[in-house]
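Visitor: One structure, pasted below without further comment.
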């Protein structure tokens with residue numbers, strides 16, 4: 001039973017990290033209706049900046065620079081690419097983000113090579129033990145940070161003028177523009193926020209027990225896609241729930257792998273996608289997504 | 001009077017154009033047919049990869065380009081084609097499952113198998129839209145990779161498995177050399193012609209689909225799904241059907257790729273491959289057969305070209321020497337090409353030639369609809 005609780009806690013902690021990534025994904029989708037397939041590379045960029053600077057600057061300043069850097073990369077993608085598109089087809093823009101992703105990932109993967117870079121986090125491999133349950137400090141830090149950030153973000157979304165502008169833009173771009181909301185600034189902000197959240201997530205994807213930042217980290221980031229989708233692409237609550245579902249599923253599938261050997265090895269990587277597929281079969285718009293209402 | 005003159009001038013211009021186009025086609029055919037006699041193995045293999053990629057790209061262009069269904073799972077269906085062929089045609093000599101069917105039956109069945117897999121996915125494919133579908137198809141990649149690495153009896157695990165050579169009409173597509181006009185004909189030379197025939201057949205079929213009633217229905221679904229349903233297009237059936245057709249194209253591409261590679265490995269059929277196919281159709285031109293072929297040729301030949309001439313090119317260095325490797329350089333190039341094409345050349349590479357061919361887009365569509373009416 002204690003194994004189960006350990007797995008559950010670890011799963012919730014990883015899930016909160018996925019929720020951070022998925023939240024950025026949802027924010028971009030709500031503000032611009034673009035599905036950002038370049039999200040994994042934003043995350044890799046943030047992680048790479050932190051990893052390469054922490055020796056010189058120390059961990060916290062490096063993390064700050066990494067977060068700011070990823071936000072700048074995100075904003076730059078919006079400003080240099082997304083904004084230049086003249087058409088109106090959002091699925092074409094999704095493919096553009098794939099092009100951006102190919103560019104960024106190739107560059108970062110080339111710089112990383114086969115290296116595994118530590119991010120120099122202060123938690124190391126310390127483990128907290130409560131009774132029979134032990135959990136790594138990094139996991140607690142991940143959960144607390146993610147919870148704080150998500151709360152802060154949701155509050156900002158509700159109560160600041162920035163949040164109101166963003167919700168208005170998501171509701172109806174034309175009306176929002178007529179009311180004086182600057183749509184360009186809203187989408188720029190959305191991309192920057194998504195980049196910053198992804199950089200924080202990059203930190204927690206690469207700390208103990210994972211060895212460090214490597215090429216495969218962007219694969220881990222891909223798990224935020226099912227998180228965002230199964231919650232519903234246009235719902236922030238959905239991103240949260242989706243992230244937790246994905247985290248817990250992954251942790252349990254990995255933890256009980258030995259009892260599931262008939263399904264093959266490496267089931268943990270697959271489980272989130274299976275859960276997503278099942279949920280989409282039942283609810284095609286995700287758990288909390290708004291069903292499309294169309295007028296001809 | 002002037003109207004008649006203008007019309008006759010226009011028709012004269014058009015016959016000139018069709019004649020010029022016929023000459024271009026004839027020249028291209030002659031060059032393609034002559035290539036195995038002049039090119040060495042490296043280029044023939046590169047060309048064969050491009051042909052296989054072109055077949056796959058036509059398939060995904062029917063789905064993503066013409067019908068607007070974003071698919072990131074194309075590599076999965078390629079894998080089914082490639083591995084399906086190996087399993088059905090293998091003789092079990094290497095300790096892996098092999099049914100030992102005649103190879104041409106195995107190839108046909110492998111394509112059917114890919115179509116079947118597409119059909120099984122259609123309950124999902126038929127209900128999801130846009131990004132939801134894109135990410136749901138991403139699941140296929142991960143499921144595919146999982147199966148490829150774990151179903152050891154079928155796939156050989158991470159080592160992959162050998163591909164049995166194709167036998168057709170008493171001809172074996174392997175290295176047993178036949179000499180034609182003093183040129184030794186190995187696997188690449190023989191497959192070259194098989195690839196050309198397959199590509200031509202696939203291209204013509206897809207063109208027929210796109211120009212006929214189904215093509216219009218598909219475009220209608222892409223442009224406005226609800227309106228298409230209202231005017232009587234069975235939307236769900238069409239979307240499932242296109243998904244199956246596109247999977248079959250991918251399956252055929254997979255079979256051809258396997259025959260060229262002569263060995264299939266699971267790593268190849270990952271997400272990168274799916275992204276490459278999307279890049280191909282965007283660069284070439286969404287929704288057209290020639291666009292898919294052009295994009296496939298560009299994206300699949302680019303790394304080969306850069307590898308071959310990496311010594312002579314500035315900024316590109318041999319793999320492992322620390323600089324930009326050819327594979328990476330080609331990824332930069334086509335990644336940038338995807339972005340640039342969407343921003344500055346909507347419609348892709350084919351639009352360049354199309355623009356030169358017809359004076360204004362309006363007149364050409366106007367006359368063609370006038371003719372059919």
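No value in this document is a laboratory result; all are computed from the given coordinates. As the structure is a computational prediction, the values presented were derived from the model and not from experiment. Counting neighbours? That spans all protein chains shown, and the Cβs are built from the backbone with ideal geometry, glycine included.
Visitor: With all pairs of different alpha carbon atoms counted, what Kirkwood hydrodynamic radius in Å does the protein assembly as shown show?
Guide: 26.6 Å
Visitor: If you don't mind, another one. Once you keep just the Cα pairs under 8 angstrom separated by 6 or more residues, what percentage relative contact order results for region B:29-270?
Guide: Normalised by residue count, the contact order of region B:29-270 is 40 percent.
Visitor: Then there's this: As a footprinting exposure proxy, order A:281, B:63, B:88 by other Cβ within 10 Å, with the fewest listed first.
Guide: With the fewest neighbours first, A:281, B:63, B:88 line up as A:281, B:88, B:63.
Visitor: Ratio of chain A's C-alpha Rg to 2.2 N^0.38 Å, to two decimals?
Guide: Its radius of gyration relative to the 2.2 N^0.38 Å reference: 0.99.
Visitor: Of A:161, A:187, A:13, which has the largest mean-square fluctuation in a 10 Å C-alpha GNM of chain A?
Guide: The residue with the greatest mean-square fluctuation here is A:161.
Visitor: Please give the helix A:39-57 orientation as an angle from the longest Cα principal axis of chain A, in degrees from 0 to 90, rounded to the nearest 10.
Guide: On a 0 to 90 degree scale, this one is about 60.
Visitor: What angle do you read, to the nearest 10 degrees and between 0 and 90, between the alpha-carbon axis of helix A:183-206 and the longest principal axis of chain A?
Guide: 10 degrees
Visitor: I've got another one for you. In a Gaussian network model over chain A where Cα atoms closer than 10 Å are linked, find which of A:25, A:262, A:208 has the largest mean-square fluctuation.
Guide: A:262
Visitor: Mind checking the mean number of beta-carbon atoms from other chains within 10 Å of the Cβ atoms in B:333-344?
Guide: Across the residues of B:333-344, the mean count of other-chain Cβ atoms within 10 Å is 6.
Visitor: Determine the relative contact order of region A:183-287: mean sequence separation of Cα pairs under 8 Å and six or more apart, normalised by residue count, in whole percent.
Guide: Here the relative contact order equals 24 percent.
Visitor: Note down the relative contact order for region A:2-221 as a percent, whole number, built from C-alpha pairs under 8 angstrom at least six residues apart.
Guide: Reported as a whole number, the value is 41 percent.
Visitor: Can you grab the distance from the C-alpha centre of region A:87-113 to the C-alpha centre of region A:27-54, Å, no decimals?
Guide: 11 Å
Visitor: Quick one: among A:159, A:54, A:137, which has the greatest mean-square fluctuation in a GNM of chain A with alpha-carbon springs under 10 angstrom?
Guide: Of the options given, A:159 has the highest mean-square fluctuation.
Visitor: Given the rule -39500 (n - 2.57) for each run of at least 4 DSSP H residues, summed and divided by the residues of chain A, what is its mean residue ellipticity at 222 nm, to the nearest 500 deg cm²/dmol?
Guide: Roughly -23500 deg cm²/dmol at 222 nm, from the helical runs in chain A.
Visitor: A further question on this structure: Which of rounded, prolate, oblate describes region A:91-164, given a ≥ b ≥ c as roots of the alpha-carbon gyration tensor eigenvalues and a/c under 1.5 marking rounded, otherwise prolate only if a/b is larger than b/c?
Guide: It comes out oblate by the Cα gyration axes.
Visitor: I want to verify the translational diffusion coefficient of region B:40-79 in µm²/s; compute it with Stokes-Einstein, Rh as the Kirkwood radius over Cα pairs, at 25 °C and 0.890 mPa s.
Guide: The diffusion coefficient I find is 220 µm²/s.
Visitor: Can you tell me what the convex hull of the Cα atoms of region B:29-270 projects to on average, as an area in nm²?
Guide: In nm², the orientation-averaged hull projection of region B:29-270 is 13.5.
Visitor: Rounded, prolate or oblate for region A:10-114? Axes are the square roots of the Cα gyration tensor eigenvalues, ordered a ≥ b ≥ c, and the cut-off for rounded is a/c under 1.5.
Guide: It comes out prolate by the Cα gyration axes.
Visitor: Give me the base-10 log of I(q)/I(0) for region A:67-114 at each q in 0.17, 0.23, 0.29, 0.30 Å⁻¹, Debye formula, one uniform scatterer per Cα, rounded to two decimals.
Guide: Here the Debye-derived log intensity ratios amount to -0.58, -0.90, -1.11, -1.13.
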